[in-house]
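K.L.:
Before I ask anything, here is the structure I am working with.
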Amino acid sequence: MHYVLIGNSIASTGCIEGIRKHDIQAQITVIGDESYHCYARPLISYLLQEKTTVEKMAYRCEEFYEKHKVRILSNSKVSTIDPTKKELSLADGSKVGYDKLLIATGSSAFIPPMKHLEKVKNQFTFMTLADAEALNEALTKNSKVLIIGAGLIGLKCAEGILKKVKSIEVVDLANRILPSILDEEGSNRVQAHLEEEGITFHLQDSVAQFEEGKAFLASQKVLDFDLLVIAVGVKPNVELAKSAGIEVERGILIDHHCRTSCADVYAAGDCAQGWELTTQTRRMLPLLGNAFMQGECAGSNMAGVETRLEKSIAMNAIGFLGLHVITAGIYEGEDTIIQSKTGYKRLFVQDDYLVGYILVGDMVDRAGIYTSLIRERTPLSSLDFSLITEQPALMAFAQQVRKQQLGRAQ
Amino acid sequence: MVDALKDKKIRPRIKVEQQGSISFAVNCRHCTEALCVKNCIAGALSQVDGLIVIDQEKCVGCYSCIMACPFGALMSNEEGVMQKCELCATNSHGQPVCVQGCPNKAIVYEER
């Protein structure tokens, strides 16, 4: 048996651990196009803030690959997959055969067409460690930075470099920041906080065209800048799968076992589109925990132990300069809002289930109790909902349930 | 003791819940399939001999584990990185201090 994993990030690490739970012998080969030990991409903003180092960013201990008997082909790129011969062709011309294959090719920065973008010399994306290092190299105390995109990546980048540059301006087409995870009130609170910290926003606006060092916005404003960061969004890396005839929608379609439409080929992480619990549809969930769990599930199945992933939901924990935000699920159904000067909470209930939540500021404590209500589809009528609305607490569960939760090994 | 702690934010590693006459301590359950470990972006949480431990040097305080833990068993320390009950196995207290100190002997330390 030869397991081959394309991509050396979180999904592949999950897959290695999933395989090795059941099969400690067979050969595992990981083919990755970066030269680092597996690291989590969301850490790059913390690296720029100096809250971590490249060494500490290693996702697993140094001996991980040796311990799990994994052969790593780094700086290697797969050009094609031949599912009939069960063989990969690499960019350097070599071939690698497989018995079970994991596609964990991740996602890349999406760069929309913008007029005269080619005139901008100092332009960056913010996805990889190499991106962060290049940006860090280029910036100075006097840099005026323009970020296109007020989503998770753009704003984490802003946080990462704020103390190192002169100014940061953020342009986004949407009328509010972080629209993928926050409602209007949540967006407003985070925006106000970031503005207080010195970041300037130009919302409902876009770059009509660039000149070197200048951006002309649709609103007629003209912004001077030294460094440009494009953080409009990500696109899943699906070309390899597509050209091998594997079924792809937005991402590589996978079932509850993380199998693709092609025999013995699995997919996991940002490139995959798997089943989401609350909507019962296949969705893109480009989140670290999801990548790990899909990879782990694929690994177990590749090793012949049937495992299903049933409880995937969207969830995000993110902080900006001391303000924490945790969100999960979908924002549909009846809502309940609790707010104070320093915190904001909105819960979403559909039928008898919690299906989503938004927590900002000092409302984030013990958020996982809410996450668990969503993931476990706990009927709300079975617990003290008014208590748990006020604050997530195990007290709200029936005594019998609590006994189970706290009296036994989990 | 109460005076000594006045105006000081207490940052316990366990959470005591109270309502009316009911109270109980919630500490890390050291889950076999630990969602905090699977969701940790920094690789700072890991399972060592059945114990879930935090490498506070690696933790960046992103709160992913707070988002994931079904028991609400993780909290941040003064530096903004995570802490939780590690059964006093990673300090020099031996028998967990909450067990030693609980006047009602409501917390026990045993294999289940």
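Read-outs: derived from the displayed coordinates by stated rules, not from any lab. Keep in mind the model is a prediction, meaning the values are calculated, not measured. No Cβ is skipped: glycine too gets one built from the backbone with ideal geometry, and neighbour counts run over all protein chains shown.
K.L.:
Specify the inter-centroid distance of the stretch A:34-67 and the stretch A:265-328, based on alpha-carbon positions, in whole Å.
P.N.:
Taking the Cα centre of the stretch A:265-328 as reference, the centre of the stretch A:34-67 is 20 Å away.
K.L.:
Same structure again: Divide by every residue of chain B the summed helix terms, -39500 (n - 2.57) for each DSSP H run of at least 4, and state the resulting mean residue ellipticity at 222 nm, rounded to the nearest 500 deg cm²/dmol.
P.N.:
The per-residue figure over chain B is -2500 deg cm²/dmol.
K.L.:
Still on this structure, I have one more. With only Lys, Arg, Asp and Glu charged, each at its Cβ (+1 for the first two, -1 for the last two), find how big the charge dipole of the stretch A:99-209 is about the Cα centre; round to the nearest 20 debye.
P.N.:
Computed charge dipole of the stretch A:99-209: roughly 440 debye.
K.L.:
Now for a different question. Counting DSSP beta bridges with both partners in the protein assembly as shown, what percentage is antiparallel, nearest 5?
P.N.:
65
K.L.:
For chain A, what does the helix formula give at 222 nm: sum of -39500 (n - 2.57) over DSSP H segments with n ≥ 4, over the residue count, nearest 500 deg cm²/dmol?
P.N.:
Helix contribution divided over all residues of chain A: -6500 deg cm²/dmol.
K.L.:
Order of B:35-43, A:350-358, A:18-26 by packing, highest average Cβ count within 10 Å first?
P.N.:
Ranked by mean Cβ neighbours within 10 Å, highest first: B:35-43, A:350-358, A:18-26.
K.L.:
Follow-up question, since we're still on this one. At what distance in angstrom do the alpha carbon centres of the stretch A:172-250 and the stretch B:37-112 lie from each other?
P.N.:
37
K.L.:
Now for a different question. Give the cross-link partners of B:Lys15 among the aspartates and glutamates, using a straight C-alpha distance below 15 Å as the criterion and excluding same-chain residues fewer than 8 apart.
P.N.:
Partners within reach: A:Asp365, B:Glu86.
K.L.:
Can I ask one more? Using a Förster distance of 60 Å, how high is the FRET efficiency between A:Leu217 and B:Asp49, based on the Cβ-Cβ distance and rounded to 0.05?
P.N.:
0.55
K.L.:
Which residues does the label zone of A:Ile337 cover in the stretch A:153-189, counting backbone N under 12 Å from a point 7 Å along Cα→Cβ?
P.N.:
A:183-189
K.L.:
Still on this model: About the Cα centre of the protein assembly as shown, what is the dipole size in debye to 20, counting +1 per Lys and Arg Cβ and -1 per Asp and Glu Cβ, all else neutral?
P.N.:
For this selection, approximately 540 debye.
K.L.:
Something else about it: From the residues A:Ser187, A:Val171, A:Ala208, which one has its Cα farthest along the dipole of the stretch A:165-209 in the positive direction, the dipole being from +1 and -1 charges on Cβ of Lys/Arg and Asp/Glu about the Cα centre?
P.N.:
Most positive-ward Cα: A:Ala208.
K.L.:
Normalised by the number of residues in chain A, what is the relative contact order in percent for Cα pairs under 8 Å and 6+ residues apart?
P.N.:
Averaging sequence separation for qualifying contacts and normalising by length gives 16 percent for chain A.
K.L.:
Follow-up question, since we're still on this one. Output the Kirkwood hydrodynamic radius of chain B, Cα pairs only, in Å rounded to one decimal.
P.N.:
15.2
K.L.:
Convex hull over the Cα atoms of chain A, averaged projected area in nm²?
P.N.:
Quarter of the Cα hull surface area: 21.5 nm².
K.L.:
May I ask you to compute the full-extension gain from A:Val54 to A:Glu195, defined as 0.36 nm times their residue separation minus their alpha-carbon distance, rounded to one decimal in nm?
P.N.:
Stretched fully, the A:Val54-A:Glu195 segment lengthens by 47.8 nm.
K.L.:
For the peptides A:48-54, A:5-11, what is the packing order when you average, over each peptide's residues, the other Cβ atoms within 10 Å and list the highest mean first?
P.N.:
Top to bottom by mean Cβ count within 10 Å: A:5-11, A:48-54.
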